[in-house]
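Participant: What follows is a structure written as structure tokens; I'll ask about it next.
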Amino acid sequence: MISENHIIKDLECKDSQDAIEKLGTLLYNSGVVKETYVSAVKEREKIYPTGLPADAFDIAIPHTDSIHVNSSAIAVGVLKKPVEFTQMGSNDIVLHPQVIFMLAINDPHEQINILKRLMSLFQNKELLESVKNAEGTKEIYEILNKNILGNGDGND
């Protein structure tokens, strides 16, 4: 689900749409998502924003329907500078995520399990800080693999 190849440390983007484009292109180039994925995520973000306040700092979890996904994966972007995302469940509260977890889930039932696992990360200030402050993609991968996915197969 999480691959070191889908993690970008010090991601530079001008806005949330640019962040979605860069992370979505990463997933597309590895064959995880369909050509329609990036535009579908951008459109969904306008209607159903995905910014979330977390204990350590704001995060975002952009995603879209499973019809745009070939196989499940999560792209992670640790931003060099935060960009604006609207808070989930709001039309006017602006957050400034420092880490983005872009979900590409091909089984809608799997999404609930993945979100539960991610929420445990979002509620753990020390773990979230360790992701943001990691030296590189390998360290981010190891933190997420150990603390969110257990052995990495997503089935524990």
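Where a number appears in this text, it was derived from the coordinates with a stated rule and is not lab data. All values derive from a computational prediction rather than experimental measurement. Cβ placement follows ideal geometry from the backbone for every residue including glycine, while neighbour counts extend to all protein chains displayed.
Participant: Restricting to Cα pairs below 8 Å that are 6+ residues apart, what does the relative contact order work out to for region 2-147? Please round to a whole percent.
Facilitator: 29
Participant: Right, next: What percent antiparallel are the DSSP beta bridges of the chain, to the nearest 5?
Facilitator: About 60 percent, rounded to the nearest 5.
Participant: Looking at region 14-118, which trypsin sites (Lys or Arg not before Pro) are in a loop (DSSP not H, G, I, E or B) and have at most 14 other Cβ atoms within 10 Å?
Facilitator: Working: sites: Lys14, Lys22, Lys34, Lys42, Arg44, Lys46, Lys80, Lys116, Arg117; in loops: Lys14, Lys34, Lys80.
Of the trypsin sites (Lys or Arg not before Pro), the ones in loops of region 14-118 whose Cβ has at most 14 other Cβ atoms within 10 Å are Lys14, Lys80.
Participant: Match the structure shown to one of the listed values [x] 0.92; [y] 1.13; [z] 1.04 of Rg/Rh (Cα atoms, Kirkwood Rh), computed from it, and give that label.
Facilitator: [x]
Participant: Also, I was wondering about something else. Please enumerate, by chain and number, the lysines with C-alpha under 16 Å from the C-alpha of Lys9, excluding those fewer than 8 residues away in the same chain.
Facilitator: The reachable lysines, counting only those whose Cα sits under 16 Å from Lys9, are Lys22, Lys80, Lys81, Lys132, Lys138.
Participant: Could you state the number of Å between the C-alpha centres of region 53-82 and region 84-140?
Facilitator: 6
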